[in-house]
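Everything below concerns the one structure shown next.
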Amino acid sequence: MPLLMNKQNILVIKHSALGDFVLATGPMQAIRRHHPDAHITLLTTKAYAAWGRDCGWFDAVMVDTRPKPWEFSALKTLRRELRAGNFTRVYDLQTSNRSSAYFYLLQPHRAEWVGIVRWGSHYHRNPNRTRLHTVDRQREQMAIAGITAVPDPNLDWLKADIVKFTLPEKFALLVPGGSAHRPGKRWPANHFATVAADLLTRGITPVLIGAAADRAVMDTIAATDPRIVNLCQQTNFAEIVSLGRLAMGAVGNDTGPMHLLAPTACPGVVLFSAASDPALCAPRGVQNGQNMAIMRENDLKNLHPDAVIASLWALVNRNPRDNGASRS
């Protein structure tokens, strides 16, 4: 990484996961606007490096392999790269024990540090910070550094050609998957099938999206009616966002793709169980979140499909889509 002596060198740290990364796009955009002439580098993981290059907010991207404490060679390489950046300010949007430790890797160079390091120049000292929603917590953190205008999550730059899916004009997205190790966050497959059946009666094609770990539940839902489109393992992040811009609505679990859909203005119902708290991590939509509804039941088996369907159509009626938009 070249040493830039004539301008500010800014480092932004954000590793993962998908939903958290999406929620951090508002602060990322705000940092770029606040430092229009700075050289800004994103330190992230391999999965989000392309995002950093494509969004237009960063001049460079560093891929962090997140070395273990005993991986001395990798740690030395990371330390050398961080010090070579000659960073004048660091925005730690990850605010984890790992990212905070990078404050010490930079020593003896004393860059301004915006995060939760007690000895940093801009210490986010709010003892209740972990009780705030991620977006609100980051806005408070940015305000400490003098950035008071932080927009909502933004994925306007993420686009893909979805013509290949040959979908009808009217379709809605169902996201029945989630973390394999957290089954309590999944609404039952038969409930999603009920939503799919309701969509079909209205002339709307249900479209399933998800990853390999979601194959079984998606196949179960798709088997209930041949008109259901199953796109398991067929969509990348950009394609999900592009689908969201055209979909009439969406219903899904508390999982990454719902965060991708929220900033597209897609009317969406996100289902939460006791396993996660929407007050801390719910997807944030547009227009003060008016396109998204949160429904929570401690045990998702007890969340009746009729209630979800009613919530979805209330959103759709309040947020009608222009389905004449381009699909590429």
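FYI, it's all coordinate maths here, none of it is from the lab. None of the values given here were measured: they were computed from a predicted structure. FYI the Cβ positions are ideal-geometry reconstructions off the backbone, even for glycines, and counts take in every protein chain you see.
Could you work out the Kirkwood radius for region 138-184, taking every pair of different alpha carbons, averaging 1/r and inverting it, reported in Å?
15.6
Kirkwood hydrodynamic radius for region 1-78: how many Å is it when counted over pairs of different Cα atoms?
For region 1-78, the Kirkwood estimate is 13.4 Å.
Quick one: angle between helix 305-318 and the longest Cα principal axis of the chain, in degrees between 0 and 90, rounded to 10, please.
70
Could you rank the peptides 69-76, 313-320, 176-183 by their average count of other C-beta atoms within 10 Å per residue, with the highest value first?
By packing density, highest mean first, the sequence is 176-183, 313-320, 69-76.
How about K301: which lysines have a C-alpha closer than 24 Å to its C-alpha, ignoring those fewer than 8 places off in the same chain?
K185
Per-residue counts of other Cβ atoms within 10 Å, averaged by peptide: what ranking do you get for 16-23, 43-50, highest first?
In descending order of packing, they fall as 16-23, 43-50.
Any chance you could check the Cα centroid distance between region 207-276 and region 166-205 for me, in angstrom?
7
In 10 Å bins starting at zero, report the fraction of Cα pairs in region 9-144 per bin as a rounded %.
Bins of 10 Å from zero give 12, 46, 36, 6 percent of pairs.
Can you tell which of G85, H109, T95 lies farthest toward the positive end of the dipole of region 79-159, using +1 and -1 charges on the Cβ of basic and acidic side chains (Lys, Arg; Asp, Glu)?
H109
Give me D for region 163-318 in µm² s⁻¹, whole number, from Stokes-Einstein with Rh from the Kirkwood sum over alpha-carbon pairs, 4 °C and 1.567 mPa s.
After rounding, the answer is 86 µm²/s.
I need two numbers for region 123-249: Rg to one decimal and Dmax as a whole number, Cα atoms only, in Å.
Cα only, region 123-249: 18.7, 56 Å (Rg, Dmax).
Give the long-range amide H neighbours of A250: residues separated by 5 or more places, or on another chain, with amide H under 5 Å away, using H modelled in the peptide plane at 1.01 Å from N.
Long-range HN contacts for A250: L173, G268, V269.
Among the lysines, which have Cα under 17 Å from the Cα of K68 when same-chain residues fewer than 8 positions away are ignored?
K46, K76
Convert each backbone phi in region 81-95 into a coupling constant with the Karplus relation 6.51 cos²θ - 1.76 cosθ + 1.60 (shift: θ = phi - 60°), then list the ³J(HN,Hα) values in order as whole Hz, x for Gly and Pro.
Rounded to whole hertz, the list is 5, 5, 5, 5, x, 6, 6, 8, 8, 10, 9, 8, 8, 7, 6.
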